[in-house]
Amino acid sequence: MVKKISKGLLALCLAVFMTGCGSEPAEIADYGNGTEGTVSGTSTVTEGESEDKSEDTTDNDKTEKADKAEVEDGSLADKLGGTECNWDTSFTASGVSIDVKAHIEINDTEQLPSYKISTVEESEMNEEGIVKNLLGDSAKKLDRELSIDDGDSELVIQGICRLYLRYRDNGGEQPQLGEVITTAPGWVDEEKYFVHTYEGTNDGVDYQLFLGYDKENKVEHISFFPKTPGECIGKPDLDYVTEYWVEDGLASLPDIKEFLGELKTGSEAEPELREAEGMFREKLGLKIPDNFIFKDEYEYTSEYVLYLSRTEMRNIGYNSMEELENIYDLKDLLEKLGPDYYAINGYEAVLGEALANQYFYYDITQGTGGLTNGGTVFFTDNGVMGYSLTIDKEFDDVLSDNVPVIDYDSVILAFEDAVTENLDPTQCPSNDMKYEYARIVYYPVQSPDNPGESTLIPAWEFTPSDYGAVVLINAMDGSLLDIVYEKGM
């Protein structure tokens, strides 16, 4: 089965414009709502308590302290007590039966930083500098309507509409799922937002650039793509680009695998991802953390980026890629087009979906109308082809380069205590909830003094098998961060 995905990022707290990494590490208590050295339901010894011990501390005590310090300085797996863990427990919370059967495999990392982040202000968007860096003296304003049928970039039009359709007719309408977008205004200045679009050349290729700002939600928008994507791979007749996610089982069949070809893995793409980060810092002024452009490695799928001729597709009876139901339909379409009218080249990566190899928390209660925070970057075999970014947070400071975390056993005890003491059964869809999924995510803790500032910290996310209550536990001290009640679709 082919999975056709218009991928949004699952990042609730995204961001750009990090100002530096030189501040002193903050105390654990600065990160969340918990108490330093305390896990709900358990107790640990803090550094302060160790000073009160008798001077005749045994050699065994000293050895245990040294071992503990070594673990705290190790990788995330070292601190947790291993790369994976099985949780199997049942208990009752306010009359609701809770059943946890989760197998956890963490994404290990040597560094687990924490950041202070804040909203992106309109004054921080350097429009003149971005236009000059990307298009130079060739830049021209586009104050006309853009249209796919007139040869304008479909991906730039989509980027514009992610902002414009929120305020279409000043009614605050949201883009509808499956809505076909073929046109967009090139230049709009309104009280709540603006849309500015430019055209010019970049490295000899005709590009279009959309810069926008949502003043109500404080979100910066950037889309930069060639008018004809095929020019970036030496086939100017190819004016349409899309991505396909193919299940590995099908891709391994001899005829399909030979037809699609081999894919570049995440590790093989690393140099290109890091080069793109450097380009974003230089050209867009984005001061992003290292490893902030991320190539997804889904366990059961492989991604292919396709360049096609829209005209030739229509000539043989295909109006859109959505008409294709499976990989064999795709194979049939490409064989009918012939090699002159399609190419399989490159891959897609995302900006801001993960930090330190851990994903950001995404609040599903936002629904499809929630903002997509992050970015999509298309790569060809030769490098970056284009990108579409939505940026609502900036990194202001690194609070700590490597925060401490509690071990697996303490996490499950903290989860039990948090749910037992805080679950609201009136908001649960049933009296029986099963938890099979748990992972470490980055979660934003809002500043009590400034609603525009938050702290990104590592947290454990417990997600029920069906709709219910998502529980978020501070990974550093075991305190409860939030319980998010999902009502279903």
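We did not get these values from a lab; they are worked out from the coordinates using the rules stated. All values derive from a computational prediction rather than experimental measurement. Because the Cβ atoms are built from the backbone with ideal geometry, glycine has one as well, and the counts that use them run over all protein chains shown.
Close amide H pairs (under 5 Å, H built 1.01 Å from N) link Ser153 with no residue at least 5 positions away or on another chain.
Give me Rg/Rg_expected for segment 338-441, where Rg uses Cα atoms only and Rg_expected = 2.2 N^0.38 Å with N residues. Intermediate results must be reported in sequence, preceding the final value.
Details: Rg = 20.5 Å, N = 104, 2.2 N^0.38 = 12.8 Å.
This ratio for segment 338-441 stands at 1.60.
Taking the charge dipole of segment 353-489 about its Cα centre, with +1 at Lys and Arg Cβ atoms and -1 at Asp and Glu Cβ atoms, the residue from Pro448, Thr376, Gly478 reaching farthest to the positive side is Thr376.
Amide H contacts for Ser465 (H built 1.01 Å from N in the peptide plane; partners 5 or more residues away or on another chain; cut-off under 5 Å): Lys434, Tyr435, Glu436.
Couplings for segment 87-101, taken from phi via the Karplus curve 6.51 cos²θ - 1.76 cosθ + 1.60 with θ = phi - 60°, read 10, 9, 8, 9, 7, 10, 10, 6, x, 9, 7, 10, 10, 10, 9 Hz in order; Gly and Pro are left as x. Amide H contacts for Ser302 (H built 1.01 Å from N in the peptide plane; partners 5 or more residues away or on another chain; cut-off under 5 Å): Val246, Glu247, Asp248.
Whole-Hz Karplus values for segment 350-355 come out as 10, 9, x, 7, 9, 9 Hz, taken residue by residue from phi with 6.51 cos²θ - 1.76 cosθ + 1.60 and θ = phi - 60°; glycine and proline positions read x. The simple Förster model, with R0 at 22 Å and r as the Cβ-Cβ distance, assigns Lys227 and Glu275 a FRET efficiency of 0.40.
What order, most packed first, do the peptides 459-472, 194-207 have when packing is the mean number of other Cβ atoms within 10 Å of each residue?
459-472, 194-207
Taken along the Cα-to-beta-carbon direction at a fixed 7 Å, the label points for Asp466 and Ala77 span 3.6 nm. Karplus-based coupling profile of segment 441-453, in residue order and whole Hz: 10, 9, 10, x, 9, 6, 5, x, 9, 9, x, x, 10, with θ = phi - 60° in 6.51 cos²θ - 1.76 cosθ + 1.60 and x standing for Gly or Pro.
Site pair Ser447 and Asp407 shows an inter-label distance of 3.7 nm when each label is modelled 7 Å from Cα along Cα→Cβ. Take the Cα of Ser138, go 7 Å toward its beta carbon, and the backbone nitrogen atoms of segment 185-208 under 12 Å from that spot belong to 199-208. With a threshold of 29 Å on the Cα-Cα distance, the over-threshold entries among Lys227/Lys336; Lys215/Lys295; Lys101/Lys393; Lys79/Lys264; Lys116/Lys295 are Lys215/Lys295; Lys101/Lys393; Lys79/Lys264.
Quick one: go through segment 209-246 and flag any residue whose amide nitrogen is under 15 Å from the point 7 Å out along the Cα-to-Cβ line of Glu191. From segment 209-246, the list is 215-217.
Can you tell me which of 287-293, 476-482 comes out highest on packing, and rank the rest after it, using the mean Cβ neighbours within 10 Å?
Working: 287-293: 19.6, 476-482: 22.1.
Descending packing order for the listed peptides: 476-482, 287-293.
Within segment 270-360, the GluC sites (Glu not before Pro) that combine a DSSP coil assignment with at most 10 other C-beta atoms in a 10 angstrom radius are Glu299.
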